[in-house]
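Engineer: Provided herewith is a single structure, encoded as structure tokens, for subsequent inquiry.
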Amino acid sequence: MYRERTKVVSIGDRVIGGGNPVLIQSMTNTKTEDIKGTVAQIRALTAAGCEIVRCTVPTMEAALALREIKQQISVPLVADIHFDYRMAIAAIENGADKIRINPGNIGSRERIKAVVDAAKERSVPIRVGVNSGSLEKELVERYHGVTAEGLVESALDKVKIIEELGYDNLVISIKSSDVMMCVKAHELIASRTQYPLHVGITEAGTLYSGNIKSAVGLGIILYQGIGDTIRVSLTGDPVEEIKSAKGILKTLGLRKGGIEVVSCPTCGRTEIDLIGLANQVETMVQEFPLDIKVAVMGCVVNGPGEAKEADIGIAGGKGVGLLIKKGEIIRKVPEDELLSCLRKELEHWEQ
Ligand code: SF4
């Protein structure tokens, strides 16, 4: 599996590559210069399960802010830099645990060398990122448009520049909003390099379309053993990105822990507000660090059977529900008490 043999890279106190667990990243959407707001958002992301966070560094003030931000957070901090090599150097000097650059927009070889030298001095890894939206004109012409082959060639060219400067503490990311192009690019690059890959579908869209594109794209890529860190990009609150990323990793069996909720789609047999109940249960279980399955089923025809498969479940009746634990019906509960009864059971759960 590709993931087993990628180069091990340390980002702050986290380690990626070489078969280490796939880590979840997100990016703040606050002004990095706003230290208070950025720290608050990073803490919210961390509480949701974010393991590496990235902030944009478009100004010297933002680069300087990293130092204070870092002191107030518990996850590695990645600085995202475009165009100005001085920001990259300042970010490294102010404690960035990794920087993300596109050497193509940093400028001359001397400027790239200055950034690489600063990174080398502090062993700060560099993520070399290429994006379908900014693929070099020459590669677009050669490959008759933006293609997976062009993206891979662009990324490997950039990696080569840094390797020639004597640095290989690298991570690569190739992003495209075209899901299948992104999949193909990852398959291609995985056969040509052993650097860890940060995987994401860029500009994926709003909560609805972004989740679908990310689940499909990341699902195919990760299932092939490719990808060492992931980001689900959504137009919305970045905390939603973390929830989705966790869901994708869990569905693929790449992450354990947390309560899995299964619920039926409801039908004409349903006689309780199952949709409302299932949503409430999904939110409620997030506070329990249990590794179990909870079923929320609408009726007594299929409900008990499904609920018995789970560790604990509800099978709805007419204004009531059966509470089923480890395959046994333990109680008949009025509809309006189902949520609190389930909560009590989880509070006293022995794993
Ligand atoms: S579990 Fe019952 S209510 Fe839910 S979809 Fe199946 S038959 Fe319908």
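Engineer: According to the square roots a ≥ b ≥ c of the eigenvalues of the Cα gyration tensor, what is the shape class of segment 286-351, taking rounded for a/c under 1.5, prolate for a/b larger than b/c otherwise, and oblate for the remainder?
Structural biologist: Oblate, because a/c is 1.5 or more while a/b does not exceed b/c.
Engineer: Which value in deg cm²/dmol, rounded to the nearest 500, describes the helix-derived mean residue ellipticity at 222 nm for the chain, given -39,500 (n - 2.57) per DSSP H run of n ≥ 4 and division by the residue count?
Structural biologist: Taken over the chain, the calculation gives -12500 deg cm²/dmol.
Engineer: Would segment 145-268 count as rounded, prolate or oblate if I go by the C-alpha gyration tensor, calling it rounded below 1.5 in a/c and otherwise prolate when a/b exceeds b/c, oblate otherwise?
Structural biologist: Here segment 145-268 falls in the prolate category.
Engineer: Residues with beta-carbon under 15 Å from that of ARG100, excluding ARG100: net charge, scoring Lys, Arg +1 and Asp, Glu -1?
Structural biologist: Counting the neighbours of ARG100, the net charge comes to +2.
Engineer: Report the net charge of residues surrounding LEU323, where surrounding means a beta-carbon distance below 13 angstrom and charges are Lys +1, Arg +1, Asp -1, Glu -1.
Structural biologist: Charge balance in the 13 Å sphere: +2.
Engineer: Ok, one more. Tell me which of ALA63, ILE81, VAL8 sits at the most positive position along the dipole axis of segment 1-97, charges placed on C-beta atoms (Lys, Arg +1; Asp, Glu -1).
Structural biologist: Farthest towards the positive pole: VAL8.
Engineer: Which value, in debye to the nearest 20, describes the size of the charge dipole of segment 95-251 about its Cα centre when Lys and Arg Cβ atoms bear +1, Asp and Glu Cβ atoms bear -1, and nothing else is charged?
Structural biologist: 280 debye
Engineer: Continuing with this model, one more query. Between GLU350 and VAL262, what is the FRET efficiency for a Förster distance of 25 Å, r being their Cβ-Cβ separation, to the nearest 0.05?
Structural biologist: 0.70
Engineer: Let me check against my output: what whole-number percent is the relative contact order of the chain, with C-alpha pairs under 8 Å and at least 6 apart?
Structural biologist: Computed value for the chain: 13 percent relative contact order.
Engineer: Sticking with this structure for a sec: Taking every Cα atom in segment 192-260, find the radius of gyration and the maximum pairwise distance Dmax, and write them in Å.
Structural biologist: Using the Cα atoms of segment 192-260, the pair Rg, Dmax is 11.9, 38 Å.
Engineer: Please say if segment 1-110 is rounded, prolate or oblate, where rounded means a/c under 1.5 for a ≥ b ≥ c the square roots of the C-alpha gyration tensor eigenvalues, and otherwise the choice is prolate for a/b larger than b/c and oblate otherwise?
Structural biologist: Here segment 1-110 falls in the oblate category.
Engineer: For segment 83-91, in order, what is each residue's ³J(HN,Hα) by Karplus, 6.51 cos²θ - 1.76 cosθ + 1.60 with θ = phi - 60°, in whole Hz (x at glycine and Pro)?
Structural biologist: Per residue, the Karplus-derived 3J(HN,Hα) values read 6, 9, 4, 5, 5, 5, 5, 5, 4 Hz.
Engineer: With Cβ to Cβ distances under 12 Å as the rule, what net charge do the other residues near LEU139 carry (K, R +1; D, E -1)?
Structural biologist: It works out to a net charge of -3.
Engineer: Might you report the magnitude of the Cβ-based charge dipole of segment 237-351 about its Cα centre, with Lys and Arg at +1 and Asp and Glu at -1, to the nearest 20 debye?
Structural biologist: 340 debye
Engineer: How many lysine pairs are close in segment 155-247, with Cα atoms under 29 Å apart and the two 8 or more places apart or on different chains?
Structural biologist: Count of close lysine pairs: 14.
Engineer: If you roll a 1.4 Å probe over the heavy atoms of the protein chains, what accessible area per residue do you get for the chain, in Å²?
Structural biologist: In whole numbers, the chain has 45 Å² accessible per residue.
Engineer: Which residues does a label at ARG192 reach in segment 223-240, if reach means a backbone N under 16 Å from a point 7 Å past the Cα toward the Cβ?
Structural biologist: In segment 223-240, the label zone of ARG192 (backbone N under 16 Å from the point 7 Å along Cα→Cβ) covers no residue.
Engineer: When the dipole is taken about the Cα centre of the chain, and only Lys, Arg (+1) and Asp, Glu (-1) are charged at their Cβ, what size is it in debye, to the nearest 20?
Structural biologist: Result for the chain is approximately 420 debye, rounded to the nearest 20.
Engineer: Let me ask you something else. For ILE259, which sequence-distant residues (separation of 5 or more, or a different chain) have an amide H within less than 5 Å of its own amide H, given hydrogens modelled in the peptide plane?
Structural biologist: Answer set, sorted by chain and number: LEU290, ILE292.
Engineer: Can I ask one more? Report relative contact order for segment 171-302 in percent, whole number only (criteria: Cα-Cα under 8 Å, sequence separation at least 6).
Structural biologist: For segment 171-302, the relative contact order is 20 percent.
Engineer: OK, next. Run the accessible area of segment 93-143 with a 1.4 Å probe and give the carbon-and-sulfur part as a rounded percent.
Structural biologist: 45 percent
Engineer: Given C-alpha coordinates of the chain, what is the ratio Rg to Rh with the Kirkwood estimate of Rh?
Structural biologist: Here Rg/Rh amounts to 1.06.
Engineer: Given the options MET284, VAL294, PRO334, identify the residue whose Cα lies farthest towards the positive end of the charge dipole of segment 209-351 (+1 on Cβ of Lys, Arg; -1 on Cβ of Asp, Glu).
Structural biologist: The residue sitting farthest along the positive end of the dipole is VAL294.
Engineer: Would you work out which of GLY227, GLY49, GLY205 lies farthest towards the positive end of the dipole of the chain? Charges go on Cβ: Lys and Arg +1, Asp and Glu -1.
Structural biologist: The one lying farthest along the dipole's positive direction is GLY227.
Engineer: Please compute the length gained on full extension between THR270 and LYS36, using 0.36 nm multiplied by the number of residues separating them and subtracting their Cα-Cα distance.
Structural biologist: Gain on extension, THR270 to LYS36, equals 79.5 nm.
Engineer: For segment 219-265, what % of the accessible area comes from carbon and sulfur atoms, probe 1.4 Å?
Structural biologist: Carbon-and-sulfur percentage of accessible area, whole number: 54.
Engineer: Between TYR143 and PHE288, what's the calculated FRET efficiency when r is the beta-carbon distance and R0 is 51 Å? Round to 0.05.
Structural biologist: It comes to 0.50.
Engineer: So if R0 is 35 Å, what FRET efficiency would ASN29 and ARG122 give, r being the distance between their Cβ atoms, rounded to the nearest 0.05?
Structural biologist: Calculated value: 0.80.
The values are calculated or read from the model by the stated rules, or taken from the named source; none is laboratory data. Treat the numbers as computed from the prediction; the structure is a model and nothing was measured. Cβ coordinates were reconstructed from backbone atoms using ideal geometry, including for glycine residues, and neighbour counts include every protein chain displayed. Keep in mind that these areas ignore ligands, DNA and RNA; they rest on the heavy atoms of the full protein, side chains included. Shrake-Rupley method; radii C 1.70, N 1.55, O 1.52, S 1.80 Å.
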